[in-house]
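Worksheet for the structure shown next.
Values in this text are rule-based calculations from the coordinates and carry no lab data. What you are looking at is a predicted structure, and each value in this text was computed from that prediction instead of being measured. Every residue, glycine as well, gets a Cβ built from its backbone with ideal geometry; the counts of neighbours run over all protein chains shown.
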Amino acid sequence: MSLSAAPRRAVLADLVARPSSRVRAFALDAALVLTGVALVALLAKVSFFIGPIPITGQTLGVIVVGAALGARRGAAALATYAVTGLAGVPVFAAPLAGPAYVLTPSFGFVLGFIPAAFVAGWFAQRAWDRTPWLAFVGFVASSIIPFLIGVPYMAFILSTVAGTEVTFASVMAAGVLPFIVPGLIKAAAAALLVPAAWVGVRAAERSTRD
């Protein structure tokens, strides 16, 4: 069976409750999405800067939220996160919030968090999040996605808005190289946390049955 044809499996959020009506299901999904926004916003404040882009706990939050909520809800949570920040709520890593954040070098990474959460959720829906080494592979893949959007966006803002001379070497130094090791560490942390949560869930289910 190919990966694309693999059946959807339950993610952690699916075990929270099974609403009996569409209204309750929507309310539960909304609550889960807002919880995901709050987690990413909290981890975003754990940061330090190397160049113009902050190294934060955001990526860890994105991965965990995507894996826990699943592809659809995970992407919705990060889209809500981006909209919340642009509305002026200080949820981003930097103190700046509001529409002007679009002109910062790091906003492209925020946009990249949306498909990254989707991909993390996609892997989780195929049960990759239950085995640490599979989770690590999936979460590394998810962690790469923000760079595919964020790095070109950063280069564009630095060259057009900030008037900085941009070269391939400078972009790599500012937006890629400093994040490789931290990214691997955060993917590894998520690959331990999420499977551990599944172990806890299974243990709780066994104790309930007993």
Checklist entry - What helices in the chain pass both tests, a Cα length along the helix axis of 20 Å or more and a mean Kyte hydropathy of -1.0 or higher, using whole DSSP H runs? => result 22-44, 71-86, 107-124, 132-160, 177-209
Checklist outcome for this item: At 10 °C and 1.306 mPa s, the Stokes-Einstein diffusion coefficient in µm²/s for segment 49-206, with hydrodynamic radius from the Kirkwood sum on alpha carbon pairs, is 99 µm²/s
Checklist entry - Between Thr131 and Ala87, what is the label-to-label distance in nm when each label sits 7 Å out along the Cα-to-Cβ direction? => result 4.1 nm
Checklist outcome for this item: For Val46, the residues 5 or more places away or on another chain with a placed amide H closer than 5 Å to its own amide H are Gly57
Checklist entry - What do the square roots of 5 times the Cα gyration tensor eigenvalues come to for segment 68-136, in whole Å, largest first, as semi-axes of the equivalent ellipsoid? => result 28, 11, 9
